[in-house]
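Student: Please see the structure below; I have some questions.
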Amino acid sequence: MKHFFFYYLCLAFLLQACGVRGGNHEPIRPGKLWLDDRGVHINAHGGGVLYHKGTYYWYGEYKSDSTSKALVGITCYSSSNLTDWKNEGIALSVADNDTTSDIAKGCIMERPKVIYNERTGKFVMWFHLELRGRGYAAARSAVAVSDSPTGPFRHLRSMRPDAGQLPFDMTAEERAVLDTLDAAKYARWWTPEWREAIRKGLFVKRDLEGGQMARDMQLFVDDDGKAYHIFSSEDNLTLHIAELSDDYLSHTGKYVRVAPGGHNEAPALFKKDGVYWMITSGCTGWDPNEARLFSAPSIWGPWTQLPNPCVGPKSEITFGGQSTFVLRLPGADDRFIFMADIWRPKHPSDARYIWLPVRFKEGVPYVEWMDQWDLGFFDRPIVEQE
Ligand code: DGJ
């Protein structure tokens with residue numbers, strides 16, 4: 001009996017070691033319910049994942065059953081294996097009893113992302129904020145900070161970024177053209193002249209004083225520790241990539257515009273072998289549309305658009321979802337997971353998650369639909385993956 005117990009322990013140890021090395025993975029089922037440690041569908045929409053000291057933290061919008069307005073706040077889940085998630089509760093709460101707060105209950109908090117600042121030892125959260133009762137008009141960014149990855153995060157302030165600043169790569173000639181743009185001439189939208197004026201920066205000029213609009217967003221920390229805030233600006237017509245200060249708590253004022261007038265939302269940025277990649281969506285509200293892919297040799301561009309990176313059924317509508325994040329797996333330069341949301345505007349808390357591996361063909365990323373897969377996928381030889 002004693003021997004039996006000893007062999008049993010050895011076997012259990014071996015199995016566990018196998019699991020750690022990649023032999024024993026739970027399946028990920030894109031689009032299906034994903035239950036947390038309490039048996040409840042994970043409520044972390046428009047989210048992103050931070051890996052910190054051996055643990056993954058998944059942050060996202062807590063969605064209620066009947067409204068996408070923020071009635072609760074931003075949730076946090078933790079995991080050691082990316083499949084089993086422990087509900088860590090609310091990382092940042094809405095202000096429950098203060099209707100004057102930027103984050104008053106009933107505001108809109110979307111697409112939260114958290115990064116860790118090595119210098120300050122703080123966890124920094126940015127998210128898209130719309131003020132209570134104002135629909136999507138405010139188009140602001142908000143920043144919160146915490147000493148612990150699970151929170152509580154403390155809301156610091158909200159703003160429209162880069163007030164008073166023009167894109168740093170705008171030439172003197174382009175600035176001169178901007179000076180001549182007269183908003184009164186372009187009251188009618190979508191005309192060829194209006195499009196050309198947008199490309200030249202009509203809305204950058206309009207919002208110069210109060211700061212640039214900022215809606216769907218992403219954070220990206222580069223290898224040198226510099227962090228960037230990527231967001232849909234200019235009435236969702238143009239993406240901005242803006243540098244954050246060393247403590248990640250404010251913008252430095254240095255930014256570029258990407259794909260002016262291209263109507264991109266939901267930016268998800270990653271870097272492989274020195275090349276920057278960004279997956280985005282078009283702008284169709286909660287309805288899915290075709291994903292876009294961009295690449296650049298530097299964070300500051302030039303950004304080039306490539307064909308739709310999605311492959312397989314419903315690839316023309318991002319498998320029914322919208323990008324939210326690309327997670328680079330720790331310790332690997334070539335393993336990335338594409339994350340997207342399948343929105344359910346009539347029942348927001350029932351929105352689903354798409355997680356799929358990012359694969360590469362001749363160096364270009366693509367995402368192929370799979371009903372089910374597991375993290376062992378990354379250990380299998382490429383031929384078996386094809
Ligand atoms: C699409 C955005 O990507 C979402 O985050 C949300 O803002 C919806 N639009 C609202 O319609």
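The values are calculated or read from the model by the stated rules, or taken from the named source; none is laboratory data. Owing to the predicted nature of the structure, the values given are computational and were not obtained by experimental measurement. Counting neighbours? That spans all protein chains shown, and the Cβs are built from the backbone with ideal geometry, glycine included.
Student: Can you spot a residue in region 235-243 that is within 16 Å of the ligand (Cβ to nearest atom), over 23 Å from Val114 (Cβ atoms) and part of a strand (DSSP E or B)?
Tutor: yes
Student: Only one of (1) within 16 Å of the ligand (Cβ to nearest atom); (2) closer than 27 Å to Ile342 by Cβ; (3) in contact (Cβ under 8 Å) with a residue 12 or more places away in the chain is not met by Ala137, so which one is it?
Tutor: With respect to (1) within 16 Å of the ligand (Cβ to nearest atom); (2) closer than 27 Å to Ile342 by Cβ; (3) in contact (Cβ under 8 Å) with a residue 12 or more places away in the chain, Ala137 is out only on (3).
Student: If I filter region 24-59 down to residues being in contact (Cβ under 8 Å) with a residue 40 or more places away in the chain and on the phi > 0 side of the Ramachandran plot, which single residue comes out as farthest from the ligand (Cβ to nearest atom)?
Tutor: The qualifying residue farthest from the ligand (Cβ to nearest atom) is Gly31.
Student: Go through (1) part of a strand (DSSP E or B); (2) within 16 Å of the ligand (Cβ to nearest atom); (3) out of contact with any His (no Cβ under 9 Å at 6 or more places or on another chain) and name the single condition Ile317 misses.
Tutor: Only one criterion in (1) part of a strand (DSSP E or B); (2) within 16 Å of the ligand (Cβ to nearest atom); (3) out of contact with any His (no Cβ under 9 Å at 6 or more places or on another chain) is unmet by Ile317, namely (1).
Student: Moving on. Quick check on region 237-257. Is at least one of its residues among the aromatic types (Phe, Trp, Tyr) and under 21 Å from Asp162 (Cα atoms)?
Tutor: yes
Student: Name the residue that is surrounded by the most Cβ atoms within 10 Å (Cβ to Cβ), counting only residues in region 86-124 that are among the aliphatic types (A, V, I, L, M) and within 16 Å of the ligand (Cβ to nearest atom).
Tutor: So, considering only residues that are among the aliphatic types (A, V, I, L, M) and within 16 Å of the ligand (Cβ to nearest atom), the one surrounded by the most Cβ atoms within 10 Å (Cβ to Cβ) is Met109.
Student: Hey, another quick one. Return the only residue of Trp355, Trp343 being within 19 Å of the chain's Cα centre (by Cα) and within 16 Å of the ligand (Cβ to nearest atom).
Tutor: Only one candidate qualifies: Trp343.
Student: Is at least one residue of region 263-278 without any contact (Cβ under 8 Å) to a residue 40 or more places away in the chain, within 29 Å of Trp190 (Cα to Cα) and in contact with a Lys or Arg (Cβ under 7 Å, 6 or more places away or on another chain)?
Tutor: Checking region 263-278: at least one residue is without any contact (Cβ under 8 Å) to a residue 40 or more places away in the chain, within 29 Å of Trp190 (Cα to Cα) and in contact with a Lys or Arg (Cβ under 7 Å, 6 or more places away or on another chain).
Student: Among the helices (runs of 4 or more DSSP H) confined wholly to region 127-233, which include 2 or more residues that are in contact with a Gly (Cβ under 7 Å, 6 or more places away or on another chain)?
Tutor: The qualifying helices (runs of 4 or more DSSP H) are 192-200.
Student: Of the conditions (1) surrounded by fewer than 22 Cβ atoms within 10 Å (Cβ to Cβ); (2) under 27 Å from Glu88 (Cβ atoms), Arg175 satisfies every one except a single condition; which number is it?
Tutor: (2) is the only condition that Arg175 fails.
Student: Can you name the residue in region 289-298 that is of a type outside the set (Phe, Trp, Tyr) and either part of a strand (DSSP E or B) or touching a Phe, Trp or Tyr at 6+ places or on another chain (Cβ under 6 Å) (or both) and, of all such residues, is nearest to the ligand (Cβ to nearest atom)?
Tutor: The selected residue is Arg292.
Student: Checking the condition more than 16 Å from the ligand (Cβ to nearest atom) and under 24 Å from Met125 (Cβ atoms), which residue from Phe203, Phe153, Phe168, Phe231 passes?
Tutor: Criteria check complete, one pass: Phe153.
Student: Out of Ala296, Ala291, Ala259, Ala268, I need the residue that is at pLDDT 95 or above and touching a helix residue (DSSP H, G or I) at 6+ places or on another chain (Cβ under 6 Å). Which one?
Tutor: Result: Ala291 is the single residue among Ala296, Ala291, Ala259, Ala268 that is at pLDDT 95 or above and touching a helix residue (DSSP H, G or I) at 6+ places or on another chain (Cβ under 6 Å).
Student: If you take the residues in region 269-288 that are among the β-branched types (Val, Ile, Thr) and within 18 Å of Phe325 (Cβ to Cβ), which one is farthest from the ligand (Cβ to nearest atom)?
Tutor: Among those residues, the one meeting the criterion is Ile279.
Student: Let me ask you something else. State all residues of region 203-221 that are in contact (Cβ under 8 Å) with a residue 40 or more places away in the chain and over 15 Å from the mean Cα position of the chain (by Cα); if no residue qualifies, say none.
Tutor: Scanning region 203-221 gives Val204, Asp207, Leu208, Glu209, Gly210, Gly211, Gln212, Met213.
Student: Among the residues of region 245-288, write down those that are assigned to a loop (DSSP other than H, G, I, E, B), of a type in the set (S, T, N, Q) and crowded, with 17+ Cβ neighbours inside 10 Å.
Tutor: Within region 245-288, just Asn264 meets the criteria.
Student: Return the residue satisfying two criteria in turn: it lies in region 324-360 and is of a type in the set (Gly, Ala, Ser) and in contact with a Ser or Thr (Cβ under 7 Å, 6 or more places away or on another chain), and of such residues it is surrounded by the most Cβ atoms within 10 Å (Cβ to Cβ).
Tutor: Only one residue fits best here, namely Ala340.
Student: Where in region 331-386 are there strands (runs of 3 or more DSSP E), lying wholly inside it, with at least 2 residues that are over 22 Å from Leu33 (Cβ atoms)?
Tutor: Once the strands (runs of 3 or more DSSP E) in region 331-386 are filtered for at least 2 residues that are over 22 Å from Leu33 (Cβ atoms), what remains is 352-361, 364-368.
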